[in-house]
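> Shown below is the structure under consideration.
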Amino acid sequence: MAAPKTQGAAPQGEEDGDRSSGGTGVFSYGDSKDCILEPLSLPESPGGTTSLEGSPSVPCIFCEEHFPVDEQGKLLKHMIIEHKIVIADVKLVADFQRYILYWRKRFTEQPITDFCSVIRINSTAPIEEQDNYFLLCDVLPEDRVLREELQKQRLKEILEQQQQERNDSNFHGICMFCNEEFLGNRSVLLNHMAREHAFNIGLPDNIVNCSEFLCTLQKKLDNLQCLYCEKTFRDKNTLKDHMRKKQHRRINPKNREYDRFYVINYLELGKSWEEVQLEDDQELLDHQEDDWSDWEEHPVSAVCLFCEKQAETIEKLCVHMKDAHEFDLLKIKSELGLNFYQQVKLVNFIRRQIHQCRCYGCHEKFKCKADLRTHMEETKHTSLLPERQTWDQPQYYFPTYENDTLLCTLSDSESDLTAQEQNGSIAIISEDTSKLRALKQSSILNQLLLHESLKN
């Protein structure tokens with residue numbers, strides 16, 4: 001049954017179709033009869049569009065047509081063309097199915113004009129060519145309250161789902177990068193991918209519907225698609241190299257497909273995580289003080305090449321590696337005459353070999369890093385570097401670990417202690433320029449100028 005039409009002058013709240021209607025565009029119903037908005041198909045069963053048995057569907061507000069939940073756009077188009085009703089800001093409706101069912105019931109109780117603004121199109125044309133469209137939006141207090149209640153209900157359901165996943169100890173997942181299986185809590189797998197593969201999708205407590213999220217990401221990788229730039233590649237090896245070299249082991253923050261997996265996107269009606277975060281940052285800026293006296297800078301620690309030992313300076317780290325592993329980085333740098341970039345490649349080469357549990361001295365592979373470390377210390381293979389052409393390769397410009405602080409502390413040979421010894425430790429002291437006139441009179445330049453003038 002079509003929506004009722006008003007006769008004569010439009011009631012209060014009616015808007016002229018030739019003027020702006022809050023950004024909601026409408027088109028002539030007469031024009032819609034002549035245009036094809038999508039590919040046509042013959043009906044497979046009498047009665048028009050029907051949903052599959054057992055599948056969730058949403059009914060039209062005015063008639064018995066049903067549309068699948070994931071075909072929301074078709075329902076909206078049907079209501080515009082057949083019943084001339086427009087729903088504003090549909091994307092801000094938390095539960096579209098409940099929203100439609102609510103208004104379907106209300107429109108059977110009262111006339112549509114009690115709830116909707118009326119927009120008359122072709123108002124300057126003859127009366128028979130004029131038509132009315134109905135706008136349902138949150139300007140109506142009842143609609144606003146409904147949207148807020150649906151948002152609260154959705155947030156409650158999301159938080160319950162999140163809590164259930166937090167406490168779930170029967171989670172089973174496979175790492176997308178090394179195919180290692182994980183049982184127990186979801187945080188074990190997420191922390192593994194962040195720590196071992198530098199793939200961080202956020203804290204486990206901020207994620208909801210984690211299994212579906214991981215399946216979505218895995219499907220993209222199976223389709224040879226980069227998760228960040230979303231380009232497609234010819235094979236898995238090319239994709240892996242691309243994501244590693246370009247540091248694309250992260251998801252695209254601009255892809256709205258991922259928003260439903262983060263709790264922050266359910267906190268406020270109509271606000272994405274970017275808007276919520278921007279408000280928090282702005283509030284912090286508004287309340288910040290100029291007094292930074294209590295600021296404490298936490299030093300960044302560098303990690304040993306062979307174990308988990310951390311040190312705040314490269315000097316302390318080099319002493320540790322020399323004493324504990326008999327690996328003298330400064331001596332190797334001096335003997336081989338390594339510049340900054342060659343040091344970077346050497347560090348990245350060693351990092352990769354240790355990560356793969358392979359001894360770079362004899363190429364033997366071990367089951368774990370502990371066995372590898374024991375072998376290298378017993379055989380003194382830590383100081384047995386392979387030939388330069390083995391590690392001095394362009395591929396080792398790229399860090400094995402994205403957050404490897406040791407790379408930031410390396411320096412060129414001429415700036416370290418050994419280079420200072422090569423230069424004879426000659427100190428250069430600048431002249432005092434505070435007394436410029438006296439400096440001009442006593443400067444050695446005067447003697448040079450005098451000597452030159454006598455020669456001439």
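> Work out how much length F171 to C408 would gain on full extension: take 0.36 nm times their residue separation and subtract the Cα-Cα distance, in nm to one decimal.
Between F171 and C408, full extension yields an extra 81.5 nm.
> Report the gain in length on full extension from H355 to S301: 0.36 nm times residue separation, minus Cα-Cα distance, nm rounded to one decimal.
17.5 nm
> Further, regarding this structure: Could you please report the charge total around D235, scoring K, R as +1 and D, E as -1 over all other residues with beta-carbon less than 14 angstrom from its beta-carbon?
With Lys, Arg at +1 and Asp, Glu at -1, the net is +2.
> Show me, bin by bin at 10 Å from 0, the whole-percent P(r) of segment 214-261 based on Cα pairs.
27, 58, 15, 0
> Taking a virtual spin label 7 Å from the Cα of D89 along the C-beta vector, which residues in segment 142-170 bring their backbone nitrogen under 19 Å of it?
142-155
> If you don't mind, there's one more thing I want to ask. On a 1.4 Å probe surface of the protein chains, which of E335, E142 comes out largest in accessible area, and what is the full order?
So the residues, ranked largest to smallest area, are E335, E142.
> Right, something else. Calculate, for L183 and L336, the FRET efficiency according to 1/(1 + (r/R0)^6) with r their C-beta to C-beta distance and R0 60 Å; round to the nearest 0.05.
0.80
> Under a crude label model (7 Å from the Cα following the beta-carbon direction), how far is D371 from F398 in nanometres?
2.9
> Past the 23 Å Cα-Cα mark, which pairs from K156/K220; K331/K369; K245/K316; K91/K254; K246/K309?
Listed pairs above 23 Å: K156/K220; K331/K369; K245/K316; K246/K309.
> Around R166, what is the net charge, scoring Lys/Arg as +1 and Asp/Glu as -1 over all other residues with Cβ under 13 Å from its Cβ?
Here the charged neighbours net out to -3.
> Sorting R351, R234, R249 by accessible area (1.4 Å probe), largest first, what list results?
Sorted descending by solvent-accessible area, the residues read R234, R249, R351.
> Here's a follow-up. For segment 82-241, what is the Kirkwood hydrodynamic radius in Å, using each pair of distinct C-alpha atoms?
20.2
> Also: Given labels modelled 7 Å from the Cα in the Cβ direction, how far is it in nm from K152 to E257?
3.5
The values are calculated or read from the model by the stated rules, or taken from the named source; none is laboratory data. Computed from a predicted structure; not experimentally measured. Here Cβ is always computed from backbone atoms with ideal geometry, including for glycine, and neighbour counts include all displayed protein chains. Protein only, heavy atoms only, side chains kept; ligands, DNA and RNA dropped before computing areas. Shrake-Rupley method; radii C 1.70, N 1.55, O 1.52, S 1.80 Å.
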